[in-house]
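Encoded as structure tokens, the structure appears first; notes follow it.
The values are calculated or read from the model by the stated rules, or taken from the named source; none is laboratory data. Keep in mind that this is a model prediction, so the values were computed, not measured. Neighbour counts run over all protein chains shown; Cβ positions are idealised from the backbone, glycine included. What goes into the accessible areas is simple: the full protein's heavy atoms, side chains included, and nothing from ligands, DNA or RNA. Shrake-Rupley method; radii C 1.70, N 1.55, O 1.52, S 1.80 Å.
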Amino acid sequence: MSRGGGKGPSLKDKLDGNELDLSLCDLNEVPVRELAALPKATILDLSCNNLISLPSDFCSLMHLVKLDLSKNRLQQLPLDFGRLVNLQHLDLLNNRLVTLPVSFAQLKNLKWLDLKDNPLDPVLAKVAGDCLDEKQCKQAAVKVLQHMKAIQSEQDRQRQRKLQAEREMEKKREAEQRAKEAQEREVRKREKAEEKERRRREYDAQKAAKQEMEKKTKKENVQTRKPASSSRPAQPPRHRHSWSRSVLRVLLLVLLCVLCTLAACKLTELQRQPLCVSVNTLYEDVVAALQNHKTLQNMLQQNSQQ
């Protein structure tokens, strides 16, 4: 146990039943480790010392039922002071406290509280009131607990609203991110479609150019072959000439046959045959018809003279 930084007697020597009196010991700090080793000490008196603050592990002394911290220089209590759930009696007279930690609302078994002679926040001071007798101190415990519970509830609501706002903000960011990603996908899709259309146009242009080149090459090849074909112009007329000669030959042969038949029917004894009679009659009719034309008549005269 520290007494102004020095060593003192053991805490066990000061233990009287379940009460441990460490008042007027000129303590600068609380010997939490030694106190934790004495779970029977449910009543602890630390009044009239030089305590400025309580260590955070002080709140592990959950066996405490009555605690006297009056006439010290405490400026604040640990944030988790509410862990002392078994505390029923708390004396904080004549310290330098302005407010209490929100966890104070968890001291559900607190029945007695003295906050006199502290520079309390006006609202808290009004709630705590005076602790001039037992009744007022009990009322102070009830009212301060209710006040701290209200503060805790309001803080919980604010925390919930903050969490809700953060969740909504997160949802909004996620929605904006999704919209941004969708827009980026749409842009990529449009760019891909444009690129595909560009490649298609290039392909069509190349195909058209290729077809134009093939057409031009084919035209050049045709023009190149024309002189070669013009060097042999006699072939088509030769075919036509051969065909004309063949027709002429056939006509001459037919004419010769007709003349031979006519001569045979005129000059031989066959003229009395029915065929020759028909031939002679046809010949005479033809000659009679041709004599009506002067030119043919002259030709016939010349032929007769010959």
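Taking Ser70, is it in contact with an Asp or Glu (Cβ under 7 Å, 6 or more places away or on another chain), farther than 22 Å from Ala141 by Cα, part of a loop (DSSP other than H, G, I, E, B) and free of Cβ contacts under 8 Å to residues at least 60 places away in the same chain? Quick ask: steps written out before the conclusion?
Values: in contact with an Asp or Glu (Cβ under 7 Å, 6 or more places away or on another chain): yes; farther than 22 Å from Ala141 by Cα: no; part of a loop (DSSP other than H, G, I, E, B): yes; free of Cβ contacts under 8 Å to residues at least 60 places away in the same chain: yes.
For Ser70, the condition - in contact with an Asp or Glu (Cβ under 7 Å, 6 or more places away or on another chain), farther than 22 Å from Ala141 by Cα, part of a loop (DSSP other than H, G, I, E, B) and free of Cβ contacts under 8 Å to residues at least 60 places away in the same chain - is not met.
Given the criteria out of contact with any Gly (no Cβ under 6 Å at 6 or more places or on another chain), polar (S, T, N, Q) and at pLDDT below 95, does Ser56 qualify? Spell out the reasoning first.
On the way: out of contact with any Gly (no Cβ under 6 Å at 6 or more places or on another chain): yes; polar (S, T, N, Q): yes; at pLDDT below 95: yes.
Criteria met by Ser56.
Within the range 33-42, does at least one residue satisfy the condition of being in a loop (DSSP other than H, G, I, E, B) and either of a type in the set (Asp, Glu) or within 15 Å of Arg73 (Cβ to Cβ) (or both)? Please lay out each step first, then the result.
Taking the range 33-42 and keeping what is in a loop (DSSP other than H, G, I, E, B), we get 37-42.
Checking which are either of a type in the set (Asp, Glu) or within 15 Å of Arg73 (Cβ to Cβ) (or both) leaves us with none.
So far as the range 33-42 goes, no, none of its residues is in a loop (DSSP other than H, G, I, E, B) and either of a type in the set (Asp, Glu) or within 15 Å of Arg73 (Cβ to Cβ) (or both).
Taking the condition at pLDDT below 95 and open to solvent by 20 Å² or more (accessible area, probe 1.4 Å), does Asp45 pass? Break it down stepwise before answering.
On the way: at pLDDT below 95: no; open to solvent by 20 Å² or more (accessible area, probe 1.4 Å): yes.
In short, no.
If a residue must be in contact with a helix residue (DSSP H, G or I) (Cβ under 7 Å, 6 or more places away or on another chain) and loosely packed, with under 14 Cβ neighbours inside 10 Å, how many such residues does the range 17-38 contain?
Going through the range 17-38 one residue at a time, the tally reaches 0.
Six or more apart or on different chains, Cβ atoms under 7 Å: show the pairs whose first residue is in the range 132-154 and over 11 Å from Ser103 (Cα atoms) and whose second is open to solvent by 80 Å² or more (accessible area, probe 1.4 Å).
Cβ pairs passing all conditions: Gln136/Asp130; Lys138/Lys111; Ala141/Lys111.
Checking the structure you have, find out if any residue of the range 101-109 is of a type outside the set (Ser, Thr, Tyr), surrounded by fewer than 15 Cβ atoms within 10 Å (Cβ to Cβ) and under 22 Å from Lys40 (Cα atoms). Break it down stepwise before answering.
First pass over the range 101-109, keeping only residues of a type outside the set (Ser, Thr, Tyr): 101-102, 104-109.
In the following step, the residues that additionally are surrounded by fewer than 15 Cβ atoms within 10 Å (Cβ to Cβ) were identified as 108-109.
From what is left, the residues that are under 22 Å from Lys40 (Cα atoms) are 108-109.
The answer is yes, given that some residue of the range 101-109 is of a type outside the set (Ser, Thr, Tyr), surrounded by fewer than 15 Cβ atoms within 10 Å (Cβ to Cβ) and under 22 Å from Lys40 (Cα atoms).
Go through (1) β-branched (Val, Ile, Thr); (2) open to solvent by 80 Å² or more (accessible area, probe 1.4 Å); (3) touching a strand residue (DSSP E or B) at 6+ places or on another chain (Cβ under 9 Å) one by one and return the number of the condition Val123 breaks.
Checking Val123 against (1) β-branched (Val, Ile, Thr); (2) open to solvent by 80 Å² or more (accessible area, probe 1.4 Å); (3) touching a strand residue (DSSP E or B) at 6+ places or on another chain (Cβ under 9 Å), the one that fails is (3).
State yes or no: is Ala128 touching a Leu at 6+ places or on another chain (Cβ under 7 Å), under 16 Å from Leu110 (Cβ atoms), without any contact (Cβ under 8 Å) to a residue 24 or more places away in the chain and open to solvent by less than 70 Å² (accessible area, probe 1.4 Å)?
On the way: touching a Leu at 6+ places or on another chain (Cβ under 7 Å): yes; under 16 Å from Leu110 (Cβ atoms): yes; without any contact (Cβ under 8 Å) to a residue 24 or more places away in the chain: yes; open to solvent by less than 70 Å² (accessible area, probe 1.4 Å): yes.
In short, yes.
Restricting attention to the range 48-88, which residues are open to solvent by less than 30 Å² (accessible area, probe 1.4 Å) and not aliphatic (A, V, I, L, M)?
The first filter runs over the range 48-88 and keeps only residues open to solvent by less than 30 Å² (accessible area, probe 1.4 Å), leaving 49, 51, 54, 58-59, 61, 64, 67, 69-70, 72, 74, 77-78, 81-82, 84, 87.
Correct list: Asn49, Phe58, Cys59, Ser70, Asn72, Pro78, Phe81, Gly82.
So which of Gln177, Gln158, Gln183 ends up being part of a helix (DSSP H, G or I) and under 30 Å from Val85 (Cβ atoms)?
Working: Gln177 fails: under 30 Å from Val85 (Cβ atoms); Gln183 fails: under 30 Å from Val85 (Cβ atoms).
That would be Gln158, the only listed residue that is part of a helix (DSSP H, G or I) and under 30 Å from Val85 (Cβ atoms).
Across the range 89-100, what is the total count of residues that are surrounded by 16 or more Cβ atoms within 10 Å (Cβ to Cβ) and touching a Lys or Arg at 6+ places or on another chain (Cβ under 7 Å)?
Result for the range 89-100: 4.
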